[in-house]
1. If I filter region 15-35 for residues that are in contact with an Asp or Glu (Cβ under 6 Å, 6 or more places away or on another chain) and over 21 Å from Asn177 (Cα atoms), do I get at least one hit?
2. Residues of region 1-25 being small (Gly, Ala, Ser), open to solvent by less than 60 Å² (accessible area, probe 1.4 Å) and under 27 Å from Ala158 (Cα atoms), which ones?
3. Where the second residue is open to solvent by 100 Å² or more (accessible area, probe 1.4 Å) and the first is farther than 17 Å from Ser98 by Cα and lies in region 160-182, which pairs have Cβ atoms under 7 Å and are six or more apart or on separate chains?
4. Report, by residue number, each residue of region 93-128 that is open to solvent by 80 Å² or more (accessible area, probe 1.4 Å) and in contact (Cβ under 8 Å) with a residue 40 or more places away in the chain.
5. So, in region 96-148, exactly how many residues are of a type in the set (Lys, Arg) and closer than 13 Å to Ala9 by Cα?
6. Any residue that is part of a helix (DSSP H, G or I), farther than 18 Å from Ala112 by Cα and open to solvent by 60 Å² or more (accessible area, probe 1.4 Å) - is there at least one of those in region 40-55?
7. From the list Thr100, Thr86, pick out the single residue that is closer than 19 Å to Ile146 by Cα and modelled with pLDDT of 95 or more.
8. Check Gln85, Gln78, Gln70 and return the single one that is without any contact (Cβ under 8 Å) to a residue 12 or more places away in the chain, over 11 Å from the mean Cα position of the chain (by Cα) and either open to solvent by 70 Å² or more (accessible area, probe 1.4 Å) or within 13 Å of Glu37 (Cβ to Cβ) (or both).
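The values are calculated or read from the model by the stated rules, or taken from the named source; none is laboratory data. Please read these numbers as outputs of a predicted model, since none were measured by experiment. Cβ coordinates were reconstructed from backbone atoms using ideal geometry, including for glycine residues, and neighbour counts include every protein chain displayed. Surface accessibility is based on the protein's heavy atoms, side chains included, excluding ligands, DNA and RNA. Shrake-Rupley method; radii C 1.70, N 1.55, O 1.52, S 1.80 Å.
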Amino acid sequence: VQEILAAHALWTTAWHQAPPENSESGILALARQNHFENFSLWHEEDIARRDDLGPERIRQAKRTIDRHNQRRNDLVEQIDKHLVQTLQPRESGCPFNSETPGMMVDRLSILALKEYHMYEETLRFDAAPEHRERCSTRLNVIRRQIQDLAVALSDLLAEVQQGTRSFRVYFQFKMYNDTELNPQLRKAA
């Protein structure tokens with residue numbers, strides 16, 4: 001978990017400077033891909049909220065957001081599948097966590113992005129001091145949330161290894177991108 005936290009911070013900083021390179025394997029590679037989808041999604045969401053780019057660019061942003069979101073959800077499932085293969089969690093006889101480790105890694109990724117961008121706001125000297133102070137307070141909350149979630153993920157993984165708690169891969173079955181399941185897409189096809 002600490003390795004993933006450190007990697008999230010490193011990737012976020014590096015990707016703001018240069019395109020990403022894939023050098024990881026296993027669970028770290030899946031976490032990296034998930035973080036890249038969140039990173040890309042974050043910046044596309046910023047574009048989608050602009051009013052000065054015209055409707056075509058906003059439409060493109062929304063489509064790009066959909067693709068990143070779908071890949072992000074697919075990667076959460078892949079992380080969970082990898083952990084099921086690796087940890088072989090119990091299938092019965094203990095409580096099941098409603099949030100999977102993959103979901104928690106995804107949330108940590110989003111929190112890493114929030115931390116990076118909120119920290120940037122604390123350094124904005126073109127903003128009022130009250131803005132920087134408010135962002136500093138929020139940054140502290142985000143950092144506490146990261147630590148709380150990291151502990152929860154570490155505890156869950158330890159409990160799974162001990163056989164006292166378990167989880168399942170929860171498939172998202174996103175229907176809105178599927179031409180066979182979305183009636184609007186069927187009509188358009």
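1. yes
2. Of region 1-25, the ones small (Gly, Ala, Ser) are 6-7, 9, 14, 18, 23, 25.
From the residues that got through so far, the ones that are open to solvent by less than 60 Å² (accessible area, probe 1.4 Å) too are 7, 9, 14, 18.
Hits for region 1-25 are Ala7, Ala9.
3. Pairs found: Thr179/Arg186; Thr179/Ala189; Leu181/Met175; Asn182/Met175.
4. Within region 93-128, Arg107 is the sole residue that qualifies.
5. 2
6. Step one: filter region 40-55 for residues part of a helix (DSSP H, G or I), giving 40-48, 55.
With farther than 18 Å from Ala112 by Cα added as a condition, the list becomes 47-48, 55.
Then drop every residue that is not open to solvent by 60 Å² or more (accessible area, probe 1.4 Å), which leaves 55.
Yes, because at least one residue in region 40-55 is part of a helix (DSSP H, G or I), farther than 18 Å from Ala112 by Cα and open to solvent by 60 Å² or more (accessible area, probe 1.4 Å).
7. Working: Thr86 fails: closer than 19 Å to Ile146 by Cα.
Result of the check over Thr100, Thr86: Thr100.
8. Working: Gln78 fails: without any contact (Cβ under 8 Å) to a residue 12 or more places away in the chain; Gln70 fails: without any contact (Cβ under 8 Å) to a residue 12 or more places away in the chain.
Among Gln85, Gln78, Gln70, only Gln85 is without any contact (Cβ under 8 Å) to a residue 12 or more places away in the chain, over 11 Å from the mean Cα position of the chain (by Cα) and either open to solvent by 70 Å² or more (accessible area, probe 1.4 Å) or within 13 Å of Glu37 (Cβ to Cβ) (or both).
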